[in-house]
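Peer 1: First, the structure itself, so that you have it in front of you.
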Amino acid sequence: MDKKTIKLLILEDNPDDAELAIKELEHEGFSIEWSRVDTEEGFRKALAEKPDLILADYRLPSFDARVALQIQQQITSEIPLIIVSGTIGEEVAVECMKSGATDYVLKDRLFRLGPVVKRALEEAETCRERKRAEEALVQSEAKYRMLVEQLPVITYIAALDETSTTLYISPQIEKILDISTAEYKADPDFWVKHLHPEDRERVMGEVSRCHETGQPFVSEYRMVSKDGRLTWLSDNAVIVRDDKGNQLCLQGVMYDITERKQAEEEKRNLEAQLQRAQKTEAIGTLAGGIAHDFNNLLAVIIGYTELAMGGVPADSLTYSNLDEVLKAGLRAKDLVQQILTFTRGGEEERGPVQIDLIVKEALKLLRSSLPTTIEIRRDIASANMVFGDATQIHQVLMNLCANASHAMNDKGGVLEVRLRNADFGVRSVELGEDKEHSTFRNPKSEIEPEPGSYVDLSVRDTGCGIAPENLDKIFDPYFTTREIGRGTGLGLAVVHGIVRKFAGTITVESEVGKGTTIHVYLPAIKRQVAKEPKEIEPLPTGDERILFVDDEQAMADMGKQMLGVLGYDVVSRTSSVEALELFRVKHDRFDVVITDMTMPNMTGDKLAKEMIKIRPDIPIILCTGYSERISEEKAMAMGIRGFAMKPLVMLNLAKIIRKVL
């Protein structure tokens, strides 16, 4: 056997009996290092030395083996204690073993001592190994639990039964889903009940396939917490099996991926906004090209109309008809400018605006573009003016009406535009002659209007209404509830920007299924006293020689005829290159050059630059309908004397010519 020396403590008052026990053990092959005590005090001190084994006589003069057992159990229960006695009975021996003794040996049967000691030592070592393993397991479990409970994930173990009973869930569930582990385990249906309704069927199908096939469960879904908060989870689980392949449980982790999903959604929105911005830019480029061509057409229409009006009596029916054509042409010119302002952010012209006239005109345009299932009503009870840009206010109304009509596309309905006076913070303000329509209102708004007088422009529809969760988003750029390709999400954002720019505010009233009313409040200004109509201003004329350059033949012909009516001697060219060659040869024969901006081979600004090199004092007037390359400031900086916007109006052009001369 192993010759390892054992430390033996003998509790014996008879030294001879102790010697006999030692000899018997040595005879059995044990290497012994021993000590003997016979008092309680000595026994306690000896236990502090941590012996490997205790041999105790049952009866001693001062105390007995039962007391020794109690002391041994209090200090350390790991050391085996064997009772060796000549007088102990079997019943007493059994009681001692129940109290903690490992075994007992009668002194007249010491031949049993060796095997008993060997078994006791082996059992003690086995017990120590088991205890060390248990302690290691506890430490390992503690480390694992600490690791699991510090990770920012939910770990779980679920039974593979019909209810998927939760066997373990980590405390992170309280932070991520706002529910305690006890609550979660107490409600077997919590997970299923709190799956987002739109995800529930898909996820439960994935769980069933995991159980049926044994394949890992991998899914992303939304959970609805008790307070209604949505949390995105990434759930990854595997089926745990025993050595024989039998399914034991489902073990997995759930990651909170809400921030990732929000970032992905934001990325998608930004990409969509970028696409819309690129589309808007493309529309702006297209609008610029259309504006140039359309302005040329309008220039011919307006120019020849003015020429025709000059040849008939002012009180004739023909003159009246031509005047209507001229008004329509000038309105078309304003519409072109509106398109450019919207797509390219053109300069605005602020001033007093008679808003009731804009409403009437806009509704005329709308009637032809809306389906007959939509009834248009108007209620104009204010003639007060606002300070702003007429084109942009027109745009506000058109955008609001477009949104209202969209809400009624399916079933039709009523679109009502009302114009009222409104006072904020005061009851006694009287606006113009419309006292009976003045009201006192204090609507909720993101910015409370300053006290004072306002014009209330409202657009009401009887359409589908706006969902409550969308009310705070409707003025966000690119937000739209329309299907892809049916809206840019810019209409109300543009309205909001224009109204805020003019120191106004917007309120929205909406009920799903009943309709929406949007109020636009713009500060009112005092009505200007109507001035006496001026007499028709005479056209400035002259007799100078003009070189007129435009690549459109119709424009060149019209310009030559118009300037001829004004008394000028005109030479026209449709090629900028030919015009430059003519000027190079006969530069002293021209008093003024009028040139278009957008022309092939050589643009108007480059033509002007070359002409100025030839003759620095030559007055040049640059005409453009739209150009990103040139502005009035840039033209003047180049030495160009005059700048005219197409389509050309005879009076304006006549004034510019006299100005540069």
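Peer 1: So which of L648, L607 is free of Cβ contacts under 8 Å to residues at least 60 places away in the same chain and open to solvent by less than 30 Å² (accessible area, probe 1.4 Å)?
Peer 2: Sole residue among the options that is free of Cβ contacts under 8 Å to residues at least 60 places away in the same chain and open to solvent by less than 30 Å² (accessible area, probe 1.4 Å): L607.
Peer 1: Moving on to the next point. Condition first: over 23 Å from T258 (Cα atoms) and among the aliphatic types (A, V, I, L, M). Can you find one or more residues in the stretch 178-194 that meet it?
Peer 2: Taking every residue of the stretch 178-194 in turn, at least one turns out to be over 23 Å from T258 (Cα atoms) and among the aliphatic types (A, V, I, L, M).
Peer 1: Across the stretch 471-499, what is the number of residues that are in a helix (DSSP H, G or I) and either of a type in the set (V, I, T) or modelled with pLDDT of 85 or more (or both)?
Peer 2: Of the stretch 471-499, the ones in a helix (DSSP H, G or I) are 491-499.
Then keep just the ones that are either of a type in the set (V, I, T) or modelled with pLDDT of 85 or more (or both); that gives 494-495, 498-499.
The qualifying residues number 4.
Peer 1: Next up: Take D161 and decide whether it is farther than 30 Å from A263 by Cα, assigned to a loop (DSSP other than H, G, I, E, B), open to solvent by 20 Å² or more (accessible area, probe 1.4 Å) and at pLDDT below 85.
Peer 2: yes
Peer 1: Would you check if there is a residue in the stretch 25-43 being among the basic types (K, R) and out of contact with any strand residue (DSSP E or B) (no Cβ under 6 Å at 6 or more places or on another chain)?
Peer 2: The answer is no; no qualifying residue exists.
Peer 1: Another question, if that's okay. Return the total of residues in the stretch 179-198 being among the acidic types (D, E) and open to solvent by less than 70 Å² (accessible area, probe 1.4 Å).
Peer 2: 1
Peer 1: Any chance the stretch 212-228 includes a residue that's part of a helix (DSSP H, G or I) and under 20 Å from the mean Cα position of the chain (by Cα)?
Peer 2: no
Peer 1: Which residue is farthest from R260 (Cα to Cα), if the candidates are limited to the stretch 199-228 and must be surrounded by fewer than 14 Cβ atoms within 10 Å (Cβ to Cβ) and touching a Lys or Arg at 6+ places or on another chain (Cβ under 9 Å)?
Peer 2: Per the criteria, the residue is G214.
Peer 1: Looking at A182, A142, A136, can you tell me which residue is of a type in the set (A, V, I, L, M), at pLDDT 85 or above and out of contact with any Pro (no Cβ under 7 Å at 6 or more places or on another chain)?
Peer 2: A182
Residue-wise test of (1) farther than 26 Å from K514 by Cβ; (2) more than 35 Å from the chain's Cα centre (by Cα); (3) modelled with pLDDT of 80 or more.
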residue	(1), (2), (3)
N399	no, no, yes
R427	yes, yes, no
L431	yes, yes, no
R441	no, no, no
E448	yes, no, no
D461	no, no, yes
I466	no, no, yes
E469	no, no, no
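Peer 1: A follow-up question, please. Return yes when L357 is over 30 Å from V565 (Cβ atoms) and either of a type in the set (A, V, I, L, M, F, W, C) or modelled with pLDDT of 70 or more (or both) and no when it is not.
Peer 2: Yes, satisfied.
Peer 1: Here is a further query. Find all pairs meeting these conditions: Cβ atoms under 7 angstrom apart; at least six residues apart or on different chains; first residue within the stretch 310-331 and free of Cβ contacts under 8 Å to residues at least 60 places away in the same chain; second residue open to solvent by less than 60 Å² (accessible area, probe 1.4 Å) and outside any helix (DSSP H, G or I).
Peer 2: Pairs found: T318/V312; Y319/V312.
Peer 1: Also, I was wondering about something else. Look through the stretch 534-562, keep the residues that are under 15 Å from I621 (Cβ atoms) and touching a residue at least 60 places away in the same chain (Cβ under 8 Å), and return whichever of them is surrounded by the most Cβ atoms within 10 Å (Cβ to Cβ).
Peer 2: Residue satisfying both the conditions and the ranking: D550.
Peer 1: Still on this structure: What's the number of the only condition in (1) over 23 Å from G564 (Cβ atoms); (2) of a type in the set (D, E, K, R); (3) touching a residue at least 24 places away in the same chain (Cβ under 8 Å) that E581 fails to meet?
Peer 2: (3)
Peer 1: Could you say whether any residue in the stretch 522-537 is in contact with a strand residue (DSSP E or B) (Cβ under 7 Å, 6 or more places away or on another chain), of a type in the set (A, V, I, L, M), in a helix (DSSP H, G or I) and at pLDDT 90 or above?
Peer 2: No; the residues of the stretch 522-537 include none that is in contact with a strand residue (DSSP E or B) (Cβ under 7 Å, 6 or more places away or on another chain), of a type in the set (A, V, I, L, M), in a helix (DSSP H, G or I) and at pLDDT 90 or above.
Peer 1: Could you figure out which of (1) assigned to a helix (DSSP H, G or I); (2) at pLDDT below 75 isn't true of E348?
Peer 2: So the condition that E348 fails would be (1).
Peer 1: Separate question: I need every pair where a residue in the stretch 173-192 that is more than 15 Å from T155 (Cα to Cα) has its Cβ under 8 Å from the Cβ of a residue that is open to solvent by 70 Å² or more (accessible area, probe 1.4 Å) and assigned to a helix (DSSP H, G or I), sequence separation at least 6 or different chains.
Peer 2: D187/K193; F190/E183; V192/R200
Peer 1: Which count do you get for residues in the stretch 545-564 that are in a strand (DSSP E or B) and within 19 Å of E306 (Cα to Cα)?
Peer 2: Matching residues across the stretch 545-564 total 1.
Peer 1: Still on this structure: Conditions first: (1) modelled with pLDDT of 85 or more; (2) open to solvent by 30 Å² or more (accessible area, probe 1.4 Å); (3) hydroxyl-bearing (S, T, Y). S368 passes all but one, so which condition is the exception?
Peer 2: With respect to (1) modelled with pLDDT of 85 or more; (2) open to solvent by 30 Å² or more (accessible area, probe 1.4 Å); (3) hydroxyl-bearing (S, T, Y), S368 is out only on (1).
Peer 1: Quick check on K279: is it at pLDDT below 90, open to solvent by 80 Å² or more (accessible area, probe 1.4 Å), closer than 23 Å to K473 by Cβ and not in a strand (DSSP E or B)? Can you show your working first?
Peer 2: On the way: at pLDDT below 90: yes; open to solvent by 80 Å² or more (accessible area, probe 1.4 Å): yes; closer than 23 Å to K473 by Cβ: yes; not in a strand (DSSP E or B): yes.
Yes; evaluated as a whole, the condition is true for this residue.
Peer 1: If you don't mind, another one. Given (1) modelled with pLDDT of 90 or more; (2) more than 35 Å from the chain's Cα centre (by Cα), where does G245 come up short, assuming only one miss?
Peer 2: Checking G245 against (1) modelled with pLDDT of 90 or more; (2) more than 35 Å from the chain's Cα centre (by Cα), the one that fails is (1).
Peer 1: Follow-up. Can you find even one residue in the stretch 54-61 that is in contact (Cβ under 8 Å) with a residue 60 or more places away in the chain, among the β-branched types (V, I, T) and touching a helix residue (DSSP H, G or I) at 6+ places or on another chain (Cβ under 8 Å)?
Peer 2: no
The values are calculated or read from the model by the stated rules, or taken from the named source; none is laboratory data. These numbers come from a predicted model, not from an experiment. Cβ atoms come from the backbone with ideal geometry, glycine included; neighbour counts cover every protein chain shown. With ligands, DNA and RNA removed, areas are computed over all heavy atoms of the protein, side chains included. Shrake-Rupley method; radii C 1.70, N 1.55, O 1.52, S 1.80 Å.
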